[in-house]
Amino acid sequence: MPSTFIRNAAWAVIWDPVAKTHAYARNRDLLLDGGKVARIAPHDPAAPPPAGAEVIAGEGLLVIPGLVNVHTHPTTEPSLRGVREDHGVPEQQMTGLFERAQSLRLDEAGRQAAQRLAYAELMAGGVTSIVDLSEPYAGWLDVMRESGLRVWAGPGFASARWGMTAPQTVTWTWTEGAGRAGFQRAQALMAEAESDPSGRLSGIVFPAQIDTVEEALFRDAIGLAEQSGRAFTTHIAQAVVEVREMIARHGTTPIQWAADIGLLTPRSILGHAIFLDEHPSIGWHGQRDLSLMAERGVAVAHCPSPFARYGEHLKNFGHYARRGVRMAMGTDCAPHNLIEEMRLAILLARNAARDMVAGDTAMVFHAATVGGADALGRPDLGRLVEGGAADLALIDLGHPLMNPPRDPLRALVFHAADRAVARVIVAGETVAQHGRPTKLDVAEAAGILAESQARMLREAAGRDYLGRDGDAIAPLSLGMQA
Ligand SMILES: [Zn+2]
């Protein structure tokens, strides 16, 4: 594996293991070797670069740890570009999740194209680690391998499927054996990922949603996570409809039910834990959910965009963090722009709490790096430290939106975002440069996805409870002239 020497980086975000926080450093030399950060030292103008190393001039760069994205659906979400942004169902407290889940199904060619485009987008935005939560298809792991990214494969499984019979009525259709079959398939796929010689692929145990998996299967799934040392994730408290259904079934909130059956552990990453008992859209008695999450040491996969589009948000980021809940970040929908999600997380937290301290740059950057890495049980990721993984992003300080670079992380999060990401490195190898993937082939992907999306929207008529096609469910933003 080639070594790389970043010579005299103008700025770097370095991990302070004593204070357990990121800190700025100026004028640093960084040596990447064997897939790891071999050395970080003050720049020595007299020292020659190590023999054989690729030398990157660091004078115009900010070096940050690669971002860790703990919640993505790359194999489907790009197909909803132009479809879901303005779509919601008022009778379901705005969420369009259940209506789309019933009516929109992407074919395999489309899913592979979507995965390629989403991965390219993730890399272009400085992400080096992703949790890919997908319904598996043939070729899923191949794209992971090709990308050069560090990927946690989360093959979804569920015992029930959502449906709708009226705008206000969601149904759950339980199929005997479906959850178990999916769990078996998931175990085989996770094992296959983990046997990849690159060492970059892992598995994460992913029963899909708190309301679609039977209790015995949930118990077995968390048992497998504990016994195999894998992380565990599920969707929980992501919709008012779901919370009401869980209360109807169990007499308690989904968070409290999950605690009762042993799902809340330090291995658990909760997507998205928004609608807690204290959330104004729920208003359930007791206010126990957040304390339970803190006591049990869970992490939250905070993905603000999709919920903000429905007029909802997590209340509030700073409050969760200060209560001891471990905060991590993800991109639940397209765009897969984790830097813009960080910005939105700050703005929504402040607006929800009407308080500046509800979120700030340091807090969300911590969540999008160390928070995610710790949630995945990987202290070698999400921070720049000697001996840690050589996963990093090089930010162009020369970009106009980074200037003046008085506080370059603020400039990145609030201003430039992915536009200033010059190069992304995973395990010492460049995976993206100037916004383009270097290993992953995306040449055909956009055309394939457009065809699959059109097919998906046409075929919606055969799935939707009112027989509508996709253009009727989610009309274009403007009318079309003849
Ligand atoms: Zn999700």
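Structure notes:
- The range 300-395, relative contact order in percent, only Cα pairs under 8 angstrom and at least six apart counted: 25
- From its DSSP helices (H runs of at least four residues, each -39,500 (n - 2.57)), the chain gives a residue-normalised ellipticity at 222 nm of -9000 deg cm²/dmol.
- On Cα atoms only, tilt of 338-353 relative to the major axis of the chain in degrees: 60
- Cα long-axis angle, helix 178-194 against the chain (0 to 90 degrees, to the nearest 10): 10
- Only protein atoms count toward the accessible area here, which uses a 1.4 Å probe; on the range 260-369, the carbon and sulfur part of that area reaches 50 percent.
- In the chain, Cα pairs under 8 Å separated by at least six residues give a relative contact order of 21 percent.
- With R₀ fixed at 51 Å, the C-beta to C-beta distance from A216 to R39 puts the FRET efficiency at about 0.50.
- In this label model, D407 and D260 are separated by 4.6 nm, measuring between points 7 Å along each Cα→Cβ vector.
- Sequence-distant residues sharing a close amide H with L397 (under 5 Å, placed H): L61, L62
- Positive-pole candidate from V37, T76, L409, dipole of the chain, charges at beta carbon: L409
- Radius of gyration and maximum dimension Dmax of the range 373-444, Cα, Å: 14.1, 41
- Axis of helix 240-250 versus longest Cα principal axis of the chain: the two differ by about 60°, to the nearest ten degrees.
- Proximal lysines relative to K20, as straight alpha-carbon distance under 24 Å, when same-chain residues fewer than 8 apart are discounted: K36
- Accessible carbon and sulfur surface of the range 2-86 relative to its total accessible area, %, 1.4 Å: 56
- Rg(Cα) / (2.2 N^0.38 Å) computed for the range 267-415, rounded to two decimals: 1.08
- Measuring between their Cα centroids, the range 184-234 and the range 259-316 lie 21 Å from each other.
- Looking at the chain, the DSSP beta bridges with both ends there are about 55 percent antiparallel.
- Under 5 Å from the amide H of H272 lie the amide H atoms of I236, Q238, each residue being 5 or more positions distant or on a separate chain, with H modelled from the backbone and absent for Pro and chain starts.
- Placing a label point 7 Å from the Cα of S198 along the Cα-to-Cβ direction, the residues of the range 413-439 with a backbone N closer than 16 Å are 424-433, 437-439.
- Förster-model FRET efficiency, 25 Å R0, V18 and D360, C-beta, rounded to 0.05: 0.70
- Rounded, prolate or oblate (a/c below 1.5 giving rounded, otherwise prolate when a/b exceeds b/c) for the chain by Cα gyration tensor: prolate
- Sequence-distant residues sharing a close amide H with R39 (under 5 Å, placed H): L31
- Here the range 1-134 is treated as an ellipsoid with the same Cα gyration tensor; its semi-axes, largest first and in whole Å, are 43, 18, 12.
- Carbon and sulfur %, accessible surface of the range 123-194 computed with the full protein complex present, 1.4 Å: 53
- FRET efficiency for H250 and S228, using Cβ-Cβ distance with R0 set to 25 Å, rounded to 0.05: 0.35
- Probe 1.4 Å, protein heavy atoms only - accessible area per residue of the chain in square angstrom: 38
The values are calculated or read from the model by the stated rules, or taken from the named source; none is laboratory data. Note that this is a predicted model, so its numbers are computed, not measured. Virtual Cβ from ideal backbone geometry, glycine too; neighbours counted across all protein chains shown. Accessible surface is based on the protein model in full, side chains and every heavy atom, while ligands, DNA and RNA are left aside. Shrake-Rupley method; radii C 1.70, N 1.55, O 1.52, S 1.80 Å.
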